[in-house]
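First the structure, in the form of structure tokens, and then the observations on it.
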Amino acid sequence: MKNAIKQFDSTQIAVPLAIPVLLTTDISRAQQTYQKIGFTIIGASPQYIIMRGFGCELHMSEVSHIPVPHCVAAYLRIADVEAVYQAFQLHFPALQSPVEKPWGLREFHWIDDDGNLLNIGQMLT
């Protein structure tokens, strides 16, 4: 299992690439929230933003209401989970610390104001 994980772990972004599109009911609020935790807006329109941070890219789309059930989630696999956790914790002090998972990742999670779940982790080996 560890060999398969190491082969999949690439420092290069390759094409094709899957990028999560998160939903928001307030694109301005979402933009401010994600910028304060370390994302940079690299593209924007009145109802859509493209942002990068921590070596990852996310897209956000404004909708009139969040559909029920809401289950949009993204996994951000990054190089330094502790550094990213510290950046998030500055603005969300109740955030739980990263923990080692049996599948070979150290990770934490965060849910934004619109219910989008970000799982954030790094490879253990």
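We did not get these values from a lab; they are worked out from the coordinates using the rules stated. Everything numeric in this text was worked out from a predicted model, so none of it was measured. Virtual Cβ from ideal backbone geometry, glycine too; neighbours counted across all protein chains shown.
I'd like to know if the stretch 79-89 contains one or more residues that are in contact (Cβ under 8 Å) with a residue 12 or more places away in the chain and part of a strand (DSSP E or B).
no
Kindly provide the set of residues from the stretch 44-56 that are among the small types (Gly, Ala, Ser) and part of a strand (DSSP E or B), ordered by number. It would help to see each step written out before you state the result.
Taking the stretch 44-56 as the starting set, the residues that turn out to be among the small types (Gly, Ala, Ser) are 44-45, 53, 55.
Across the stretch 44-56, the qualifying residues are Ala44, Ser45, Gly53.
Have a look at His70, His59 and point out the one that is surrounded by fewer than 18 Cβ atoms within 10 Å (Cβ to Cβ), part of a strand (DSSP E or B) and either free of Cβ contacts under 8 Å to residues at least 60 places away in the same chain or basic (Lys, Arg) (or both). It would help to see each step written out before you state the result.
Values: His70 fails: part of a strand (DSSP E or B).
After ruling out the rest, the residue left standing is His59.
Search the stretch 32-46 for residues being loosely packed, with under 14 Cβ neighbours inside 10 Å and within 14 Å of the chain's Cα centre (by Cα), and hand back the single one that is farthest from Glu82 (Cα to Cα). Full working, then the answer.
Step one: filter the stretch 32-46 for residues loosely packed, with under 14 Cβ neighbours inside 10 Å, giving 32, 36, 40, 42-46.
Among the residues that remain, those that are also within 14 Å of the chain's Cα centre (by Cα) are: 36, 40.
Details: Lys36: 17, Thr40: 20 Å.
Among residues in the stretch 32-46 that are loosely packed, with under 14 Cβ neighbours inside 10 Å and within 14 Å of the chain's Cα centre (by Cα), the one farthest from Glu82 (Cα to Cα) is Thr40.
Could you tell me whether any residue of the stretch 94-112 is touching a helix residue (DSSP H, G or I) at 6+ places or on another chain (Cβ under 8 Å), assigned to a loop (DSSP other than H, G, I, E, B), within 20 Å of Leu22 (Cβ to Cβ) and among the polar types (S, T, N, Q)? Don't jump to the end; show me each part of the working.
So in the stretch 94-112, the residues touching a helix residue (DSSP H, G or I) at 6+ places or on another chain (Cβ under 8 Å) come out as 95, 97-98, 104, 106-108, 110, 112.
Okay, now just the ones that are also assigned to a loop (DSSP other than H, G, I, E, B), so 95, 97-98, 104, 112.
Next, only the ones that are within 20 Å of Leu22 (Cβ to Cβ) stay: 95, 112.
Filter again for among the polar types (S, T, N, Q), leaving none.
Scanning the stretch 94-112 turns up no residue that is touching a helix residue (DSSP H, G or I) at 6+ places or on another chain (Cβ under 8 Å), assigned to a loop (DSSP other than H, G, I, E, B), within 20 Å of Leu22 (Cβ to Cβ) and among the polar types (S, T, N, Q).
Among the residues of the stretch 88-114, write down those that are out of contact with any strand residue (DSSP E or B) (no Cβ under 8 Å at 6 or more places or on another chain) and buried (at least 16 other Cβ atoms within 10 Å of the Cβ).
Gln89 - this is the single residue of the stretch 88-114 that is out of contact with any strand residue (DSSP E or B) (no Cβ under 8 Å at 6 or more places or on another chain) and buried (at least 16 other Cβ atoms within 10 Å of the Cβ).
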